[in-house]
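Have a look at the structure below before the remarks.
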Amino acid sequence: MTSFWCVITLLKLTMTHLPLSLSPALFAQAFPFHLVINQDLAILQAGEVLQRLIPHPLVDSTLGQHFRIYRPNIALDFTSILQQTRSLFLLQSLHKPMQLKGQMLYAEEPALLFFLGSPWLTDTASLSPLGLKLKDFAIHDPVVDFLFLLQAQTIALAEMKTLTEQLSQQKTQLHAEIVERQHAERQAQLYQASQIQVKELEKLNQLKDDFLSTVSHELRTPISNMKMAIHLLKLSPTEAQRSRYLDILQAECAREAHLIDDLLDLQRLESSSKSLELTTIHLKNWLTTVIEPFRERTQACQQTLQVNLMQDIPDFISDSACLERVLAELLNNAYKYTPPGEKITVTAQVHACDRPETNASTAKSGDCILLRVCNSGVEIPAHELPLIFEKFYRIPGSDPWKRGGTGLGLALVQKLVAHLGGSVQAESAPNQTWFTIKLPIALARLAEQT
């Protein structure tokens, strides 16, 4: 709805004091179902698609020959319509079962009414009987998005029906098996097992719904914004406006690419098709480079970003790009969920892989590099900790600042750390949460063995 009313607002400004105008051809393209009416309610102009739908000529006829005003409940005359220009109008066709939904806009000198709207549809099956196709609607028309959502809903309902039938069949089979058992204890065990299976299936179904909802929303939102920016870019008369809409296009393209890259990276990691690009990492310089972009962001949110680096920490061999992605994801999470006035701490030290943590200044071949990202002012409930590395999982109510995300970040972190031969662990205590990464110093030998 937002894009449509933005275009209406632009049209209102065009008809008032701004030096903007739309050619008749561009106006007809932007509003394929419009009507232009004079004081005698004579139709002076009509959208091309609307003229095709109505079996009688519209131009040079009167509004009352083809439509009646279904809503608001007013008389069919210029003055009554003019008094309701801020109301939603429904025009009922006298020739076919079709209603047009839109708004009347008034233009002075000469006195004209512009009806801007489109057919009011409640399902995709209504398109064909009216002789309509999706391409007949303007890009900005919210009906297009509504019809796509209806189509997605139909598919989802069909899948849900199939899943429900499967659940029903499994329940029937389990019930039959339980009935066959005579022993009460065994019967209770089977019932308990059936309940667990049903809950697992419901959980899988919920994860599927969450996946579809998240990916659909995250993919659709940038596309919708890009479509609107492209449309307004075509109408932009000044270089400044064109530059603004190009910036919007660039930002939304980057947002779309980021989600797609995350999905592709997860797929490659899960299929073990992503190779390691090993290099020697000087941790002090490397940490400075990775952390620097977050300093300004944390300062803007009144957060403190601190780095604790063990003295004489050794260089080690790993995939720099993968490790940078891991630390950036953890820092981004800490930045998003740390309240103002709290602290984010990054710690790096040597850790004996098979012994408790140590601050020893020398490293042995069996030691690990330990990286830890800790943020204060936030706590993850204990029952949520085992779930946070699952794809698309979000802790309920954990994002009070509505900074969003796809729920893929920590899943990628876990997969990338495992790909580097290490491990990642999340822990939480009152007013504090930390993520600990352990990576082998001798990853080169590990890579040679594999």
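The values are calculated or read from the model by the stated rules, or taken from the named source; none is laboratory data. Being a predicted model, the structure only gives us computed values, none of them experimental. All Cβ positions, even for glycine, are placed from backbone atoms using ideal geometry, and neighbour counts span all protein chains on display.
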So which residues in the range 421-437 are crowded, with 20+ Cβ neighbours inside 10 Å and either among the hydrophobic types (A, V, I, L, M, F, W, C) or under 14 Å from Cys368 (Cβ atoms) (or both), if there are any at all?
Gly422, Val424, Phe435, Ile437
Among the residues that make up the range 354-364, is at least one of them farther than 22 Å from Ala411 by Cβ and modelled with pLDDT of 90 or more?
no
Please verify whether Gln299 is in contact with a helix residue (DSSP H, G or I) (Cβ under 8 Å, 6 or more places away or on another chain), on the phi < 0 side of the Ramachandran plot, of a type in the set (S, T, N, Q) and modelled with pLDDT of 75 or more, treating the condition exactly as stated.
no
Give the number of residues within the range 237-248 that are assigned to a helix (DSSP H, G or I) and surrounded by fewer than 17 Cβ atoms within 10 Å (Cβ to Cβ).
8
Per the filter on the range 130-159, residues aliphatic (A, V, I, L, M), farther than 20 Å from Gln29 by Cα and without any contact (Cβ under 8 Å) to a residue 12 or more places away in the chain are Leu149, Ile155, Leu157, Ala158
Could you please give the count of residues in the range 338-354 that are over 19 Å from Val290 (Cβ atoms) and within 29 Å of the chain's Cα centre (by Cα)?
3
For Glu108, which of the numbered conditions (1) assigned by TED's automatic domain parsing to the domain that holds Phe31; (2) within 26 Å of the chain's Cα centre (by Cα); (3) loosely packed, with under 11 Cβ neighbours inside 10 Å fails to hold?
(2)
Quick one: Lys101 ticks every box in (1) surrounded by 12 or more Cβ atoms within 10 Å (Cβ to Cβ); (2) touching a residue at least 24 places away in the same chain (Cβ under 8 Å); (3) of a type in the set (D, E, K, R) bar one, so which box is it?
(2)
